[in-house]
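The values are calculated or read from the model by the stated rules, or taken from the named source; none is laboratory data. Everything numeric here is computed off the predicted structure, so don't read it as measured data. Note that we place each Cβ from the backbone using ideal geometry, even for glycine, and neighbour counts take in every protein chain shown.
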Amino acid sequence: MSTVPEAERTQPFPTFKDARTHLTSQQARRLGGIRWGSAFFGWVTAMGMVGLLSALVTAGAAALGLVSPTPDPVAAAPAMGVAGAAVLLVIIFVGFYSGGYVAGRMARFAGARQGVAVWLWTLFLAVIGAVIATVTGVVSGPQLDELVRLPMSGGLMSGGVLSAGAAALAVGVLVVTLVGAVLGGLGGMRYHRKVDRDLVVPG
């Protein structure tokens, strides 16, 4: 004997497409916020990619005689002037795009937010590193007062071509890291949207 009530037999059974669409929308509402764990691993990826690409570019430039070999790959960029700054920005963009992509793939939803979270991790850890360098003096890096103050004489705010170029590079780095991470997060999320479409309408 069937235990299914007669009234339930007449109700339409939801199609796989309807169920999948409903499931995805429910997941997006429940899981669509920032995933700080995914963003942290995206930041790790971004830092690793920037370091790797910087080392490769520096080694190639040194082999061609464009710059002298240096243990600090980023330090070679100023020696190349505008070209070095442009190369540095490209390296940073690729690195943070990779980091945003990893965060977007891991979190699945809200790729742009995951990219912003990668960028926020960068700022947060930079401040933490500056605090540690200030308190202990052991970790090499900018001191906290150097990170937050705007000097009225000397440094980036003193005027001149060099300081203006350094300030422009600093602003460019902030913008490029944010844009790269957000675009990477959207790219990582797009992969999951393709998977959803293939499950709804098999090819």
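Quick one: in the range 105-136, of everything that is buried (at least 16 other Cβ atoms within 10 Å of the Cβ) and among the β-branched types (Val, Ile, Thr), which residue is nearest to the chain's Cα centre (by Cα)?
Among them, the one singled out is Val118.
So which helices (runs of 4 or more DSSP H) stay within the range 1-113 end to end and still have 3 or more residues that are modelled with pLDDT of 80 or more and either hydroxyl-bearing (Ser, Thr, Tyr) or within 19 Å of Gly180 (Cα to Cα) (or both)? Steps first, answer last, please.
Numbers: elements: 6-9, 16-31, 36-63, 76-79, 81-107.
Because the criterion is at least 3 residues that are modelled with pLDDT of 80 or more and either hydroxyl-bearing (Ser, Thr, Tyr) or within 19 Å of Gly180 (Cα to Cα) (or both), the helices (runs of 4 or more DSSP H) in the range 1-113 that meet it are 36-63, 81-107.
Would a scan of the range 162-180 turn up a residue that is out of contact with any strand residue (DSSP E or B) (no Cβ under 8 Å at 6 or more places or on another chain), under 16 Å from Ile34 (Cα atoms) and modelled with pLDDT of 85 or more? Spell out how you get there, then give the answer.
Of the residues in the range 162-180, the ones out of contact with any strand residue (DSSP E or B) (no Cβ under 8 Å at 6 or more places or on another chain) are 162-180.
Retained after the next criterion (residues that are under 16 Å from Ile34 (Cα atoms)): 178.
Now narrow it down to the ones that are modelled with pLDDT of 85 or more: 178.
The answer is yes; a qualifying residue exists.
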